[in-house]
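Scroll down for the structure; my scribbles are underneath it.
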Amino acid sequence: MAGLLLTFLTCACQQQKAQSAGPPPAVPVSVAPVTEESVPIEIHAVGRVEPSSVIQVKSQIAGQIVRIAFAEGAQVNQGDLLFQIDPRPYQEALKQAEATQARDTANLRQAEANLERDRAQARSAEADAARNRLLIEEGLTSKTLDDQSRATAEAARASILADQAAIESDRASIENDKAAIDRAKLDLSYCEIHSPVSGRAGILLINQGNVVAANGNPVVVINQVMPIWVSFNAPEDFLSEIRRNSSDRKLPVTAIPRDDATHAVEGTLSVIENTVDTTTGTIRLKASFDNRSGFLWPGQFADVTLRLGNLNRAVVVPAEAVQAGQAGQMVFVVKPDQTVEARNVTVGSNFGNKVTIQKGVAPGETVVTDGQLRLFPGAHIKPVPAAKIDSQAL
């Protein structure tokens with residue numbers, strides 16, 4: 001009995017102390033109003049930077065590399081000399097082709113001269129044959145002489161045909177020589193390998209003094225980085241809206257390199273893939289950037305933002321107000337009596353440091369943006385600037 005009396009007296013004392021202590025102190029928090037704004041409709045994704053073109057530079061002839069005219073990893077311009085191949089074998093081939101053309105040209109002139117000679121002889125033979133026919137008719141010469149003159153005329157005509165055939169053959173040979181000369185000149189021009197585009201040269205894949213094969217392995221790879229691509233995926237739910245908005249204007253795209261968040265690069269959407277990836281349920285997109293600043297580099301990751309348009313009259317709260325709760329995302333809403341209630345919300349799109357709320361709060365209400373870790377439903381709060389929360393908590 002004495003033990004029960006002691007317990008009762010202890011509980012009464014504790015209750016009296018609790019009543020004399022008063023309500024618990026207010027929790028210092030930062031708050032912000034729920035607003036209604038016109039916000040941009042954006043798609044956020046992680047993209048991969050890609051060169052707009054990748055050129056595998058190869059030699060079109062076989063030969064020895066006698067000069068390398070650029071530095072590895074350097075910026076090269078279209079038309080810059082990259083490699084020089086030993087030109088001497090191709091110079092000799094050109095001289096030989098030109099000599100063959102000169103020989104065939106001389107043969108053509110000889111054949112044309114022979115033709116003129118045989119034509120003159122044919123005219124003389126035909127004249128003799130005509131005279132002999134008249135003499136035979138008058139009985140002044142023998143038939144044998146007439147046959148001889150006719151045979152001579154026939155032989156002259158045959159020589160003319162042979163000369164004409166020789167001329168045609170020589171002309172064909174000259175045309176073939178011209179083609180050989182053009183080919184030799186082309187091969188000689190291939191002794192100098194020039195950059196086909198402006199871009200960034202990679203690591204050398206062959207050294208000076210090595211022999212390259214015609215159309216063999218690449219000697220260097222050039223990435224064209226101005227302009228440059230950023231490839232990223234968007235959920236297929238946005239496909240119709242992307243197509244509709246891109247049909248009449250270029251959609252703006254912002255890319256921020258993962259390793260340098262201080263530099264945002266502006267570009268435009270250029271390519272929409274022609275099929276949806278059924279495995280991931282996304283559509284692949286490519287944006288083009290002039291990249292004159294050089295901040296984007298092939299192969300790096302970038303945070304990409306695609307802006308589709310503006311959404312009018314959206315409910316907006318600071319992003320830091322949204323917390324992860326047991327039933328999903330939630331916010332602490334400040335009630336008129338300076339207590340808070342936990343309310344589940346449906347979050348929409350992000351833009352900057354704000355988010356849109358599709359369901360859960362209304363414009364004009366107030367939400368807690370900092371200090372949520374010390375809150376519970378019904379807790380009293382004291383709005384203070386964010387900088388003072390930590391000091392007051394201590």
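The condition of being surrounded by fewer than 15 Cβ atoms within 10 Å (Cβ to Cβ) and at pLDDT below 90 holds for only one of G348, G325, that being G325. The test for being more than 30 Å from F70 (Cα to Cα), of a type in the set (V, I, T), in a strand (DSSP E or B) and touching a residue at least 24 places away in the same chain (Cβ under 8 Å) does not hold for V221.
Residues in the stretch 152-181 that are modelled with pLDDT of 85 or more and either under 47 Å from the mean Cα position of the chain (by Cα) or of a type in the set (K, R) (or both): R171, I174, E175, N176, D177, K178, A179, A180, I181.
Note on the stretch 241-269: among residues that are modelled with pLDDT of 90 or more and of a type in the set (S, T, Y), the one that is surrounded by the most Cβ atoms within 10 Å (Cβ to Cβ) is T254.
Only residues that are farther than 10 Å from L285 by Cβ and without any contact (Cβ under 8 Å) to a residue 60 or more places away in the chain were counted in the stretch 240-250, giving 7.
Report whether or not N245 is under 19 Å from T268 (Cα atoms), in the same structural domain as W297 (by TED's automatic domain parsing) and part of a helix (DSSP H, G or I). Walk me through how you get there before you give the answer.
Values: under 19 Å from T268 (Cα atoms): yes; in the same structural domain as W297 (by TED's automatic domain parsing): yes; part of a helix (DSSP H, G or I): yes.
For N245, the condition - under 19 Å from T268 (Cα atoms), in the same structural domain as W297 (by TED's automatic domain parsing) and part of a helix (DSSP H, G or I) - is met.
The residue list V49, V57, V29, V39 contains one member that is under 30 Å from V253 (Cβ atoms), modelled with pLDDT of 85 or more, in contact with a strand residue (DSSP E or B) (Cβ under 9 Å, 6 or more places away or on another chain) and of a type in the set (V, I, T), which is V49.
Quick check on G267: is it over 27 Å from D248 (Cα atoms) and in the same structural domain as L239 (by TED's automatic domain parsing)? Break it down into steps so the answer makes sense when it comes.
Values: over 27 Å from D248 (Cα atoms): no; in the same structural domain as L239 (by TED's automatic domain parsing): yes.
When the stated conditions are applied, G267 does not pass them.
Quick one: in the stretch 262-300, which of the residues that are among the acidic types (D, E) and over 12 Å from the mean Cα position of the chain (by Cα) is farthest from S246 (Cα to Cα)?
Going residue by residue through the stretch 262-300, those that are among the acidic types (D, E) are 266, 273, 277, 290.
Checking which are over 12 Å from the mean Cα position of the chain (by Cα) leaves us with 266, 273, 277.
Numbers: E266: 16, E273: 13, D277: 20 Å.
Across the stretch 262-300, the extreme among qualifying residues is D277.
When you look at A201, is it under 17 Å from A74 (Cα atoms), surrounded by 14 or more Cβ atoms within 10 Å (Cβ to Cβ) and either among the aliphatic types (A, V, I, L, M) or in contact (Cβ under 8 Å) with a residue 60 or more places away in the chain (or both), yes or no? Spelling it out, A201 is indeed under 17 Å from A74 (Cα atoms), surrounded by 14 or more Cβ atoms within 10 Å (Cβ to Cβ) and either among the aliphatic types (A, V, I, L, M) or in contact (Cβ under 8 Å) with a residue 60 or more places away in the chain (or both). Only residues that are touching a Phe, Trp or Tyr at 6+ places or on another chain (Cβ under 7 Å) and closer than 18 Å to D86 by Cβ: list them for the stretch 211-229, please. Selection gives V219 alone. For V355, the stated conditions hold: it is in a strand (DSSP E or B), in contact (Cβ under 8 Å) with a residue 12 or more places away in the chain and either in contact with a strand residue (DSSP E or B) (Cβ under 8 Å, 6 or more places away or on another chain) or outside the structural domain of P257 (by TED's automatic domain parsing) (or both). Figure legend. Inter-residue proximity from the stretch 42-56: first residues under 13 Å from T305 (Cα atoms), second residues not in a strand (DSSP E or B), beta-carbon distance below 6 Å, spacing 6+ or different chains. Indicated pairs: I43/F238.
The values are calculated or read from the model by the stated rules, or taken from the named source; none is laboratory data. Quick caveat: nothing in here was measured; it's all calculated off a predicted structure. No Cβ is skipped: glycine too gets one built from the backbone with ideal geometry, and neighbour counts run over all protein chains shown.
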